[in-house]
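Nothing in this text is a laboratory measurement; each read-out follows from the coordinates by a stated rule. Predicted model only: the values in this text are computed from it and were never measured. Heads up, the Cβs are rebuilt from the backbone with ideal geometry, glycines too, and the neighbour counts pull from every protein chain shown.
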Amino acid sequence: MRRAWLALRRDADREADRAWARSVLRPSEYAIWIRQTAYDRRHALRVARRVEQRLAGTPYAGEARWVAAALMHDVGKAAAGLSPLSRAAAAFVNRIVDLETARRWARSRPGRLGRIGLYLIHGEVGARLIRDSGGREEIAAWSEAHQAEGIERVPGFPPAVVAALSGSDVA
């Protein structure tokens, strides 16, 4: 419910934040990122800043691809087109519906149930969007993997990067 309440707020984007995202993302990636709701963009910016802080002092500090992965991890949510209250309902449904059911809903159910299915598989949807636009593979891979239970390893990702990305994705 907290997320639904925050999503209902109509805070304006800050130009400085959008400019920072543009500096990290490629133009095709930014075109996807900016289509998110303002709430999702703010969340992505918070996650990306946390990743930047967590990677400071590591061999991966300053690597834009990891910050870009944080910025883009939830871009697939936009495809569902759910309202904040429907998203809160989807979060509840996520506790009782398995991934295969969500995929089936996304493929074959019209209306709200199909959109809830899309929302529940937003990592896969986002990865497809990123790949189709020519975005970086690491960013697509993180979008696809970030929802996995007990994520400790992602092929091609150093463990410290996985820890920074997964540990930074909090409300």
Checklist entry - Out of R22, R14, R112, any idea which swings most in a Gaussian network model of the chain, alpha carbons joined below 10 Å? => result R14
Checklist entry - For region 85-127, rounded, prolate or oblate, judged on the Cα gyration tensor with a ≥ b ≥ c (square roots of eigenvalues), a/c < 1.5 rounded, else prolate if a/b > b/c? => result rounded
Checklist entry - Given 10 Å bins starting at zero, what is the percent of C-alpha pairs of region 15-171 in each, up to the one with the largest pair distance? => result 11, 41, 35, 11, 1
Next on the checklist: Mean-square fluctuation check for the chain, GNM, Cα pairs under 10 Å: which of A140, A69, A56 is largest?
Outcome noted: A56
Checklist outcome for this item: Beyond 14 Å, the calculated P(r) of region 101-160 holds a percent of Cα-Cα pairs equal to 59 percent
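Quick one: if the Förster radius is 25 Å, what FRET efficiency do D132 and E15 give, using the C-beta to C-beta distance and rounding to 0.05? Walk me through the intermediate numbers first.
Numbers: r = 28 Å, r/R0 = 1.13.
Efficiency, from the Cβ-Cβ distance: 0.35.
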Checklist entry - What percent does the relative contact order of region 18-171 come to when contacts are Cα pairs within less than 8 Å and at least six residues apart? => result 27 percent
Checklist outcome for this item: So the angle from the long Cα axis of helix 122-132 to the longest Cα principal axis of the chain, reported in degrees to the nearest 10, equals 60 degrees
Checklist entry - With springs only between Cα atoms under 10 Å, which of I96, I121, I130 fluctuates most in a Gaussian network model of the chain? => result I96
Checklist entry - Over region 81-171, what is the relative contact order in whole percent, taking alpha-carbon pairs under 8 Å and six or more residues apart? => result 18 percent
Checklist entry - Against the longest principal axis of the chain, how steep is helix 111-120, in degrees 0 to 90 to the nearest 10, with axes from Cα atoms? => result 30 degrees
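What shape does region 65-140 take by its C-alpha gyration tensor, where a ≥ b ≥ c are the square roots of the eigenvalues and a/c under 1.5 counts as rounded, a/b above b/c as prolate, and the rest as oblate?
Numbers: a/c = 2.15, a/b = 1.80, b/c = 1.19.
Judged from the Cα gyration tensor, region 65-140 comes out prolate (a/c at least 1.5, a/b above b/c).
Taking GluC sites (Glu not before Pro) as exposed when DSSP calls them loop (any state but H, G, I, E, B) and at most 10 other Cβ atoms lie within 10 Å, what is the longest stretch of the chain free of them, the sites themselves excluded?
Details: sites that count: E149, E152.
The longest uninterrupted stretch comes out as 1-148.
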